[in-house]
Every structure is written in C-alpha cells, then in structure tokens.
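Structure first, commentary second.
The values are calculated or read from the model by the stated rules, or taken from the named source; none is laboratory data. The shown structure was predicted, so the numbers you read here are calculated from the model rather than taken from an experiment. Here the Cβ is made from the backbone with ideal geometry for all residues, glycine too, and neighbour counts use every protein chain on show. Remember, those area values only see protein heavy atoms, side chains included, never the ligands or the DNA or RNA. Shrake-Rupley method; radii C 1.70, N 1.55, O 1.52, S 1.80 Å.
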Amino acid sequence: MKNSSNADLFFDREISLLQFNARVLEQARGKSHPLLERLKFLCICSSNMDEFFEIRVGGLPPQLRKTIRQYASFIVKNQYDILNDELLPALEKHDINFISPKKWSAKQAKWLEDYFVEHVLPVLSPIALDPAHPMPRLINKSLNFLVELSGQDAFGRESQLAIVHAPRVLPRIVELPKKNKEQYHFVFLSNIISTFCEKLFPGLKVKGCYQFRITRNSDLLLDKEEMKDLAISVMTKLQALRYGNAVRLEIINDCPQKWIDYLLEKHQLTSKELYLTDGPVNLSRYLELYDLIDRADLKFQPFTPSSPSATLKDIHEKDILLHHPYDNFTAITHLIHEATRDPHVIAIKQTLYRTGSDSAIVKVLIDAARAGKEVTAVIELRARFDEESNVKLANKLQEAGVLVVYGVVGFKTHAKLLLIIREEEGELKRYCHLGTGNYHAKTAKLYTDYGLLTANPVIGLDVQNVFQQLTGTGKTLKLKQLFQAPFNLFDKLTELIDREIYFARHKHKALIIIKINALTDRKIIQHLYEASQEGVKIELIVRGMCCLKPGIKHLSENITVRSIIGRFLEHERVFYFHNGGEREIYCSSADLMERNLYHRIEVCFPILDKDLAARVEKESLKYYLDDSIIRWELDSEGKYHLVENSHSIAVQEKLLEKYHDLETKS
C-alpha cells in the first residue's frame, strides 16, 4: 500500500457497531419522524445493544472493554434522557400517559392492586436468599427484583433479601381502563410489582424493591469434532446459553450501592459491567405500545406495495426484479403455490435462513410435498436467535415429506435461493429466485431487499450446482455467472476492483459504488484503499459497521462513506463497477465481512437485463447518493455527521412515492 502504514487505517468493528446504534438512537430524537416511530427507534437501539452484549462482548479482550464501556455508557445515558426528557413528555401532550405510583389516584391504585392479586401474584415465585436458597441462576435478560426485607418469617428466620422473577408471560406494560378512547393511561409492570410486592412476603416489611436484569453471553459456538447430530447439538447448546456467563448487570439507579455490589459479586462481574438505568431495565419492551395505541397520526403513513405479476410464464419471457418492501413479497409465495399446482413442475429446492414462526412459504412447501413434488429445503439451524424455531421448522417439514438438510457443518448457509424445475417439451427448464434478504414475509415489509426471478439457463445451472454442493459432497463445482463464498466471492470482487484500477491507470473514468450493511474485512478495505490511491472514485453506502476510514489524504481521499437510516432497514447488497462505460451490477446475500466472505455459503448474482440493471442503479445507488437526501456522512476522524435541512428528502419516502405512482398508472 503506497504512502501509508498499517497504523490507524481501520476502525474497530465493535466501536463501529456502537456508532451505528448511536445513529439509530438519534432517529428517536429526530423531530422529522412521527412520535411512535421515534419510540420504535428507541426500542430498536435497546434491542441492538442487548444483542451487542450477548454476542460480541463476551469474547473481547480486557483492554478493549474499557473503551466499549465508554461508548455503551454514553448510549445508555442518551436512551433514558431521550425517553424521560423528550418522548414521555411528548406522548403526554397526546394524552398518552405513563403514570408513576406517586400519581395514582385511589381508584387507579385499587384497580392495579386487584390486577396484581389476580393476574401477577399467582405466577410469581419469590425466592428467599439464605444458606438453603442461594442466588438462583437467572435466565438471560429476564426481569428480576432484588427485595430488601426485615422481620421474621413463619419459621423464625430473620429475613433480609429475596429475589422475585417476573415471567415473560406477564405483559411489561399494563393499560388502565379507559375513560374515553382518545386517552391512554399505562403503568409499568415493574412499578406494579414494586408497589405491591409486600403481598408476596406476608408479615414482613419490604424496605426496598429494585428491578435488575442480567445479560449473558449467548454466542452459539458448536464444536464440529464432537457433533453427531446438528439439530440435537443446537438445542442442547441453546438450553445452556440461557444460563451462560454474565456480561452485564442493569439495575435501577435508586438501588443502594451495597446491593449493587452484592449482585455484581454473585454474578462475577465488576463495576465495568454495571449500567444504571433511569427507568425500566428493558426499553425494548416499549415496542408493545406501538400496537396498543391506535393513533395513525403518530405513525408512518401506511402504504400498499405494488404487486407485479411473477408467474412462471412471466419469468420464462423475461427476468423480473422485485424490490421489497416496495414490491409485495407475496409474489414469491404465489410462485411456489403456482408450481405446486403445475403438473409439469417436478421439483422445488429452497434455502431457508429466517422464515418466521407462521410462514406462508413453509405452508406452500408442505403443500408441494403433499402434492407429490420433490421438495428439498436447506435449513440453516444456526441463524442467530432463530435456532430453536428453525429446528421446529425442520421437524414440521420432514413430517410433511420434505427432504430437509442442514447445509454444511462449519459454514452457515446464508444464500437466498429458490429453484423450480419444470418439464417443458421433453426438457427440464429451471426457474430461479435469488435474493438479498430472507424468505420472511414480516421482515420483507420492513427491510429493503432485492429478489431476481429468472429462467436464464446459465444462472439456473449455477443455482442447481450450489444446491448440489449443499446437499451432497464432492469437489467445488465451477459456476459461470454466480460468485460463491467461501470459494471465489472474495477473489471475484477483488478482480473487479483491479479492473477499475486498470482503467484509472490508463486515464479512463473509474468508479465503484457499493451499498451494503457492513464493511469490516481488512483485505477488501486494503484493496479499496489501493484503488483510491490509483484514482478510482469509490462511493460507499454502508448502513451499519464500516471499518474503513474515508477522506485521508494520499490514502482514501477518493472514498466517501454515507449511512442511511430511515423507515425501513436498508438490507440489500449492491455492487456497481463502471467497467469503462459498460457497467456491471451485482446483488448479493453477503456483506463485506470476514464471516460472509470466508465462513458462510453466500451467492452474488449479476443483473444481466439492462433495464433491470438501470433500475437497481437508480433506486439503490443514484437516489442514495443524491445530496438532497437525509444521510449520515463519515469523516476521516471516524465521526458521523447528520446531513439534514428543511429541504432534505427521506430517500425511502421518495421511493414509496415512485412505486405508488407506478402502481396507480398500472
């Protein structure tokens, strides 16, 4: 690498991920979003922070944890500041009230006491802490209360401490009876338990009741040398992870220091893993409010996605591109349903990473198997936090006669592929769907993703070969149009970068545009640095983690980085190479991360149809690089700056308008 050393060329990925969470949190502060949408962003940030501690913190070296704590503490403080100083007062102005115990009327207090006795107390199991009852092993992220007591119990024992665990079946937010339908009054379950917990300890005095939560390391690591049955291994490991090593203690900030120290010591934590909260310890549970409150004026305006025709006949005639959530995901379900009823379709093969507990895709696959089609499902059991549901899904499909395989041990199957094989005039015709997102109807309404439907025979054969690799064994099969991780995706991408370097060296226009969720792979970053030094213009649209430093003189001055965070989660992966004016555009299931490039089975596919390529370029690149849109820009010092003014446009709303106009015209 010319004119540079390896020092300070990369941002740390954990810090970069926390930066992303901070950007998400700022959406909760942003006045441009409807109020309940701002609350939703607060919940998303809280959920993201939970995952960060569960998955990433446990394996960090001690020297990095100090820096992580500084960033995390800043985010936690801002979460509660935004909640208490901005969102709750704003909600109150709209007659949406959270009532603290001090403000309960006598009538409300009586209703809540009855609610506690009838609905809460029966499912609680208070645990006295004494030599016969040591600190219980508390479930990961469960809501608990440390109760300080005084007095003697029925057996004459002096009581001091008890633990009360709040089962997950209990709603964390309780709505009081309405006086009129325009007003909402809510109370936190934690306030109800704290106020009436003396009823759990008859005859004893409650001196204090303090809510807290323990987060545990939940990274699912399987030893393939010891593994005999992947499904059994996954389920066994999941049970153990519910009680993994503690990595964080969250506790209400009015808890006395001696009890904080007590909980830290019992969970083998230090003050570096302590986070004090100025409100409920799990802010993500506020998400319940979104559905409880019927106020369209406080939410994003609903939209109806377009419904393009995507039958086998349509795909036979030309490639079709679906852009979710602007295009309806049901097109995929309808396609499989059509294949199920088509007597000429003989086989259906599909990868399943995340599908949802009540998936329409799964139902039609089951129908296809029962209709006599040869149905193969490659299910990735290790999809993070969906492991248990995927094991149940596999069992359900197997019971219906679907051939279920779990992919390749040691490599997560992250590729999104559907193959329909149809007999036509004595020959087999392959119809494919290749996607950047999961076969999940719910997330397809919330995530931006592409899906290519094609009957291209070369791509079809490539997809068939990928399935052969997933279900069988043998040497790597050479693909003609697709790039596949872990085999050649990295090499092919670097070849395409090298080609732009060639054009730059010969004084031609050289341009690379990449839109992804995360950029952390050092080898790719170094290659982009080299391209920048040779004069290649590189525009990166990176929603989440970005470990590359843009704008550094003689290193990355030709690179820009922007992040878009809005109504939908930006999820598609798009790669644009100018190629001397003969542009090439690819979509992929893979981000530019080490795990995607070297440790997962991923597919990157070309958009060969010129009209569809132009559409991808416009909708996912040009729109997003327009200087009139709301965006975050990354500077050379690693700081993100929000670019927004009174004339700024939310790019996703711009796309919604475009698709609405197209649907209206059609």
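Hey, among the residues in region 308-318 that are in contact with a helix residue (DSSP H, G or I) (Cβ under 7 Å, 6 or more places away or on another chain) and assigned to a loop (DSSP other than H, G, I, E, B), which one's nearest to S620 (Cα to Cα)? Let's see the steps before the verdict.
Quick first cut of region 308-318, residues in contact with a helix residue (DSSP H, G or I) (Cβ under 7 Å, 6 or more places away or on another chain) only: 308, 310-312.
Among the residues that remain, those that are also assigned to a loop (DSSP other than H, G, I, E, B) are: 308, 310-311.
Details: P308: 19, A310: 22, T311: 25 Å.
The qualifying residue nearest to S620 (Cα to Cα) is P308.
Of the residues K639, K622, K618, which single one is of a type in the set (D, E, K, R) and over 22 Å from C546 (Cα atoms)? Walk me through it before giving the result.
On the way: K639 fails: over 22 Å from C546 (Cα atoms); K622 fails: over 22 Å from C546 (Cα atoms).
When all the criteria are applied, what remains is K618.
Could you check region 117-135 and list, in sequence order, the residues that are in a loop (DSSP other than H, G, I, E, B) and surrounded by fewer than 13 Cβ atoms within 10 Å (Cβ to Cβ)?
S125, P131, A132, P134
Condition test on I214, is it in contact with a His (Cβ under 7 Å, 6 or more places away or on another chain), open to solvent by less than 50 Å² (accessible area, probe 1.4 Å) and at pLDDT 50 or above?
Yes; evaluated as a whole, the condition is true for this residue.
Quick one: I420 ticks every box in (1) buried (at least 23 other Cβ atoms within 10 Å of the Cβ); (2) of a type outside the set (S, T, N, Q); (3) outside any strand (DSSP E or B) except a single one, so which number is it?
Tallying (1) buried (at least 23 other Cβ atoms within 10 Å of the Cβ); (2) of a type outside the set (S, T, N, Q); (3) outside any strand (DSSP E or B), I420 fails exactly one: (3).
Return yes when L321 is open to solvent by 50 Å² or more (accessible area, probe 1.4 Å), assigned to a strand (DSSP E or B) and either more than 28 Å from L88 (Cα to Cα) or out of contact with any Ser or Thr (no Cβ under 7 Å at 6 or more places or on another chain) (or both) and no when it is not.
Answer is no for this residue.
Return the total of residues in region 96-127 being free of Cβ contacts under 8 Å to residues at least 40 places away in the same chain and acidic (D, E).
Residues meeting the conditions: 2.
List, please: which pairs have Cβ atoms under 6 Å, are six or more places apart or on different chains, and start with a residue in region 612-634 that is more than 13 Å from I514 (Cα to Cα) and end with one that is part of a helix (DSSP H, G or I) and of a type in the set (V, I, T)?
Y623/V651; I629/V651
Filter region 551-569 down to the residues that are within 16 Å of L528 (Cα to Cα), part of a loop (DSSP other than H, G, I, E, B) and touching a residue at least 24 places away in the same chain (Cβ under 8 Å) and list them by number.
Going residue by residue through region 551-569, those that are within 16 Å of L528 (Cα to Cα) are 551-562.
Now restrict to residues that are part of a loop (DSSP other than H, G, I, E, B): 551-558.
Scanning region 551-569 gives G551, I552, H554, L555, S556, E557, N558.
Just to be sure, is L222 surrounded by 13 or more Cβ atoms within 10 Å (Cβ to Cβ), touching a Lys or Arg at 6+ places or on another chain (Cβ under 9 Å), modelled with pLDDT under 95 and within 30 Å of L381 (Cβ to Cβ)?
Numbers: surrounded by 13 or more Cβ atoms within 10 Å (Cβ to Cβ): yes; touching a Lys or Arg at 6+ places or on another chain (Cβ under 9 Å): yes; modelled with pLDDT under 95: yes; within 30 Å of L381 (Cβ to Cβ): yes.
It is true that L222 is surrounded by 13 or more Cβ atoms within 10 Å (Cβ to Cβ), touching a Lys or Arg at 6+ places or on another chain (Cβ under 9 Å), modelled with pLDDT under 95 and within 30 Å of L381 (Cβ to Cβ).
Looking at region 347-360, can you tell me whether even one residue there is at pLDDT 95 or above and either among the hydrophobic types (A, V, I, L, M, F, W, C) or part of a helix (DSSP H, G or I) (or both)?
yes
Listed here are the residues, each with its yes/no results for (1) hydroxyl-bearing (S, T, Y); (2) open to solvent by 80 Å² or more (accessible area, probe 1.4 Å); (3) within 30 Å of H94 (Cβ to Cβ); (4) at pLDDT below 95.
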site	(1), (2), (3), (4)
S233	yes, no, no, yes
L238	no, no, no, yes
Q257	no, yes, no, no
L263	no, no, no, no
N282	no, no, yes, yes
D294	no, yes, yes, yes
F303	no, no, yes, yes
T311	yes, no, no, no
I315	no, no, no, no
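Pull up region 423-454, narrow it to residues that are under 31 Å from the mean Cα position of the chain (by Cα) and in a loop (DSSP other than H, G, I, E, B), then point me to the one that is surrounded by the fewest Cβ atoms within 10 Å (Cβ to Cβ). Give the steps one after another, and end with the answer.
Keep residues of region 423-454 that are under 31 Å from the mean Cα position of the chain (by Cα), which gives 431-454.
Now restrict to residues that are in a loop (DSSP other than H, G, I, E, B): 436-442, 446.
Details: T436: 26, G437: 23, N438: 24, Y439: 28, H440: 20, A441: 19, K442: 15, L446: 13.
Here the residue is L446.
Would you pick out the residues in region 624-638 that are under 23 Å from the mean Cα position of the chain (by Cα) and open to solvent by 60 Å² or more (accessible area, probe 1.4 Å)?
Answer for region 624-638, where residues must be under 23 Å from the mean Cα position of the chain (by Cα) and open to solvent by 60 Å² or more (accessible area, probe 1.4 Å): just E633.
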